[in-house]
Amino acid sequence: MSLRVMLKLPREHGAWAMLYVPLVTGVLVAWSFPLRVLLFVLSATFLFVARESSVSWWRAYRRGEHRADALERLIIYLGLAGLSIAPLVFIDRLYLLAPLGLAALLLLAVNTEQAARREDRTIFGELLAIAGLTMTAPAAHYVALGELQPAAFWLWLLSALYFVSSVFYVRLRVILISPRKQAERKGAWRRCASYHVFLLVSLSLLTASDTLSFFVLAAFAPALARASWCLIKPGGQLVLKRLGLQEIVYSVVFLIFIMLTFRHA
């Protein structure tokens, strides 16, 4: 049995990126690396990993089954998350982590219920998950600096906007190659096109008004380019492994240029 299976670690590589890319971005924008950042990383990781056990236990509970192993893992992971974050709240007095943590727990509960109903793969379910995972950006920025600044909220918004782009893009790619989903193609194309037009216009207005530097456009350029190409020339072979690697590269580009956006504001 592999370590991933034994510990019930999430299998979705994209979800790991949605957790850690905003987190690292928040720390790099703050450009401060106190030891407490490590405790925050541990807490965020344990809370994220708890999701698999939460879903396993809740699905079994809804069927009238008893999954003591899943409940035990869930309690352990949540306990480790709480122990990791407690020093930051009670010793470093980063009190705003408390409401952020409660919000994260609430989103975990909602996502668990959606997964039990097989609704976590809907657009709404994925958008809600992104909102929760990208909370690591403002939280990490807050932990690194020890104070809450407006940049933290921009980091959350931009991270969420970036990963929402991948939801519409990947959905369109998958639907385009599926013979059973021909009826959904026009709707998926329109949603992807509408979102990326909105994204481009919004980012252009933010840079034109000097609210954000032009580096923000560079951060989103790969995502906008790959979506535009798919919209203009739909179809083509879909290799999920290659698609995943490309998304990782685009995420690194996003991280670098978002850091430059705020460090050269």
For segment 88-100, how many residues are touching a residue at least 24 places away in the same chain (Cβ under 8 Å) and either surrounded by fewer than 14 Cβ atoms within 10 Å (Cβ to Cβ) or touching a strand residue (DSSP E or B) at 6+ places or on another chain (Cβ under 6 Å) (or both)?
-> 0
Count of residues meeting criterion [over 21 Å from the mean Cα position of the chain (by Cα) and in a helix (DSSP H, G or I)] in segment 23-55 = 1
Run F198 past the list (1) surrounded by fewer than 19 Cβ atoms within 10 Å (Cβ to Cβ); (2) at pLDDT below 95; (3) part of a helix (DSSP H, G or I) and report the number of the one that doesn't hold.
-> (2)
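From A17, A81, A44, A103, grab the single residue that is free of Cβ contacts under 8 Å to residues at least 40 places away in the same chain, open to solvent by less than 30 Å² (accessible area, probe 1.4 Å) and closer than 22 Å to A129 by Cβ. Break it down stepwise before answering.
Working: A17 fails: free of Cβ contacts under 8 Å to residues at least 40 places away in the same chain; A44 fails: free of Cβ contacts under 8 Å to residues at least 40 places away in the same chain; A103 fails: open to solvent by less than 30 Å² (accessible area, probe 1.4 Å).
Answer to the selection: A81.
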Just give me the residues in segment 203-224 being free of Cβ contacts under 8 Å to residues at least 12 places away in the same chain and assigned to a helix (DSSP H, G or I), in sequence order.
-> L205, L206, T207, A208
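Looking for whichever is modelled with pLDDT of 95 or more, open to solvent by 50 Å² or more (accessible area, probe 1.4 Å), closer than 30 Å to A30 by Cα and among the hydrophobic types (A, V, I, L, M, F, W, C) here; the options are L224, L217. Which one fits?
On the way: L224 fails: open to solvent by 50 Å² or more (accessible area, probe 1.4 Å).
Of L224, L217, the one residue that is modelled with pLDDT of 95 or more, open to solvent by 50 Å² or more (accessible area, probe 1.4 Å), closer than 30 Å to A30 by Cα and among the hydrophobic types (A, V, I, L, M, F, W, C) is L217.
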Those residues of segment 150-195 which are open to solvent by 70 Å² or more (accessible area, probe 1.4 Å) and closer than 30 Å to Y95 by Cα, in sequence order | P150, F153, W154, W156, L157
Looking only at residues in segment 241-265 that are open to solvent by 100 Å² or more (accessible area, probe 1.4 Å) and in contact with a helix residue (DSSP H, G or I) (Cβ under 9 Å, 6 or more places away or on another chain), which one is modelled with the lowest pLDDT?
-> A265
For segment 106-149, which residues satisfy the criterion of being surrounded by 21 or more Cβ atoms within 10 Å (Cβ to Cβ) and in contact with a Gly (Cβ under 6 Å, 6 or more places away or on another chain)?
-> A137, A140, H141
Scanning for something in contact (Cβ under 8 Å) with a residue 24 or more places away in the chain and among the acidic types (D, E), does segment 61-71 turn up at least one residue?
-> no
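The values are calculated or read from the model by the stated rules, or taken from the named source; none is laboratory data. Since we're looking at a predicted model, the values are computed, not measured. Note that we place each Cβ from the backbone using ideal geometry, even for glycine, and neighbour counts take in every protein chain shown. Protein only, heavy atoms only, side chains kept; ligands, DNA and RNA dropped before computing areas. Shrake-Rupley method; radii C 1.70, N 1.55, O 1.52, S 1.80 Å.
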